[in-house]
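*Asks:* Pasting a structure below so you can have a look.
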Ligand SMILES: [Zn+2]
Ligand SMILES: [Zn+2]
């Protein structure tokens, strides 16, 4: 999708009118006009990015800071009993448009919204296997991490080199799901 | 009362990331395979209690971990969910970022019904949020100014005294 055709690009950069609540050089937050609850905020990067993984480090960090600041603001003004921060990456996760959005949703008793996460008992072997695999992957992203059981198979230099390689996410496929 | 999350952090159980402030580990009772929790090491309950730099780091680490989970469990999407307060679904009094890999037919859904809010009310909400935001910014600016005016702290004083030493 062309960035100029993207409604959220236009909202984030002010090409289209919106009920803006917050803006800095990287991010814009507006009131959702079809909200889950009053004061439901949509927080968007100004740059057209489809999913979280594509955001530069500074923007990903800024999303954290803005999530905190906007939560404070909503708690102070609306005095809700709770608040959810929700991100959907990919149509399968509930993403509706190919522009990254972080939802900030004030919550009230009996509001009919559900962000409960049903937890299950896991098979220990499955979790152990995944944990070992993830630790190896994590070292490619965070070479300074230390895991006691892990043998030092690669040098830090090797890991830094591997980290530069493109991450194996099929962005085309994820983006196509919207079409 | 002991906190389950604090005890998991202490045991470093199924840890996949750790630094001086935060830790990430596989949820022992996952919604799906690969359900990861990112937590501050300090026992803090909701997002507003976290320091700015901690929350920034937590989001960056969540981003990196959610990226590698695509490959690790063959996910087709991910959800990142923060629950602040029991009505928001929070189960432990310890702040968490949930990273949930998603795939077809996993039986999960985080959808919501859209509410109709009259334009008037929308405008009132916007005004109230903007007014409070402006007030907070002013307060911060005043605090900054005060900091500049006030005599420097004891540390600065000591450093100056030390510099005077021959
Ligand atoms: Zn866009
Ligand atoms: Zn705790």
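*Asks:* Considering each of B:79, B:98 in turn, give the residue that is in contact (Cβ under 8 Å) with a residue 40 or more places away in the chain, surrounded by 16 or more Cβ atoms within 10 Å (Cβ to Cβ), within 10 Å of chain A (Cβ to nearest Cβ) and more than 20 Å from residue A:62 (Cβ to Cβ).
*Replies:* Numbers: B:79 fails: in contact (Cβ under 8 Å) with a residue 40 or more places away in the chain.
Going through B:79, B:98 in turn, just one is in contact (Cβ under 8 Å) with a residue 40 or more places away in the chain, surrounded by 16 or more Cβ atoms within 10 Å (Cβ to Cβ), within 10 Å of chain A (Cβ to nearest Cβ) and more than 20 Å from residue A:62 (Cβ to Cβ): B:98.
*Asks:* Could you say whether any residue in the stretch A:69-91 is within 16 Å of ligand 1 (Cβ to nearest atom), without any contact (Cβ under 8 Å) to a residue 40 or more places away in the chain, over 11 Å from the mean Cα position of the chain (by Cα) and surrounded by fewer than 23 Cβ atoms within 10 Å (Cβ to Cβ)?
*Replies:* No, the stretch A:69-91 contains no residue that is within 16 Å of ligand 1 (Cβ to nearest atom), without any contact (Cβ under 8 Å) to a residue 40 or more places away in the chain, over 11 Å from the mean Cα position of the chain (by Cα) and surrounded by fewer than 23 Cβ atoms within 10 Å (Cβ to Cβ).
*Asks:* Name the residue that is nearest to residue B:26 (Cα to Cα), counting only residues in the stretch A:138-162 that are assigned to a helix (DSSP H, G or I) and either modelled with pLDDT of 90 or more or facing chain B (nearest Cβ under 10 Å) (or both).
*Replies:* From the stretch A:138-162, those assigned to a helix (DSSP H, G or I) are A:138-141, A:156-162; that's our starting set.
Right, trim to either modelled with pLDDT of 90 or more or facing chain B (nearest Cβ under 10 Å) (or both) and you get A:138-141.
Working: A:138: 13, A:139: 16, A:140: 18, A:141: 17 Å.
Only one residue fits best here, namely A:138.
*Asks:* Is at least one residue of the stretch A:101-116 without any contact (Cβ under 8 Å) to a residue 60 or more places away in the chain, within 16 Å of ligand 1 (Cβ to nearest atom) and either at the interface with chain B (Cβ under 8 Å from one of its Cβ atoms) or out of contact with any strand residue (DSSP E or B) (no Cβ under 7 Å at 6 or more places or on another chain) (or both)? Give the derivation first.
*Replies:* First, the residues of the stretch A:101-116 that are without any contact (Cβ under 8 Å) to a residue 60 or more places away in the chain: A:109-110, A:112, A:114-116.
Among the residues that remain, those that are also within 16 Å of ligand 1 (Cβ to nearest atom) are: none.
Within the stretch A:101-116, none of the residues are without any contact (Cβ under 8 Å) to a residue 60 or more places away in the chain, within 16 Å of ligand 1 (Cβ to nearest atom) and either at the interface with chain B (Cβ under 8 Å from one of its Cβ atoms) or out of contact with any strand residue (DSSP E or B) (no Cβ under 7 Å at 6 or more places or on another chain) (or both).
*Asks:* Output the number of residues of the stretch B:1-31 satisfying the condition of being part of a loop (DSSP other than H, G, I, E, B) and surrounded by 20 or more Cβ atoms within 10 Å (Cβ to Cβ). Working first, answer last.
*Replies:* First, pick out the residues of the stretch B:1-31 that are part of a loop (DSSP other than H, G, I, E, B): B:1-3, B:12-14, B:19-21, B:27-31.
Adding the requirement that they be surrounded by 20 or more Cβ atoms within 10 Å (Cβ to Cβ) leaves B:14, B:27, B:30-31.
Of the residues in the stretch B:1-31, 4 are part of a loop (DSSP other than H, G, I, E, B) and surrounded by 20 or more Cβ atoms within 10 Å (Cβ to Cβ).
*Asks:* Conditions first: (1) more than 9 Å from every other protein chain (Cβ to nearest Cβ); (2) away from ligand 2 (no atom under 14 Å from the Cβ); (3) under 12 Å from the mean Cα position of the chain (by Cα). Residue B:56 passes all but one, so which condition is the exception?
*Replies:* (1)
*Asks:* Of all residues in the stretch A:117-137, count the ones that are in a helix (DSSP H, G or I) and either out of contact with any helix residue (DSSP H, G or I) (no Cβ under 7 Å at 6 or more places or on another chain) or touching a residue at least 12 places away in the same chain (Cβ under 8 Å) (or both). Working first, answer last.
*Replies:* Just the residues of the stretch A:117-137 that are in a helix (DSSP H, G or I), to begin with: A:124-137.
Narrowing further to those that are either out of contact with any helix residue (DSSP H, G or I) (no Cβ under 7 Å at 6 or more places or on another chain) or touching a residue at least 12 places away in the same chain (Cβ under 8 Å) (or both): A:124-129, A:131-132, A:135-136.
Residues in the stretch A:117-137 being in a helix (DSSP H, G or I) and either out of contact with any helix residue (DSSP H, G or I) (no Cβ under 7 Å at 6 or more places or on another chain) or touching a residue at least 12 places away in the same chain (Cβ under 8 Å) (or both): 10 in total.
The values are calculated or read from the model by the stated rules, or taken from the named source; none is laboratory data. Keep in mind it's a predicted model, so treat the numbers as computed, not measured. Cβ atoms come from the backbone with ideal geometry, glycine included; neighbour counts cover every protein chain shown.
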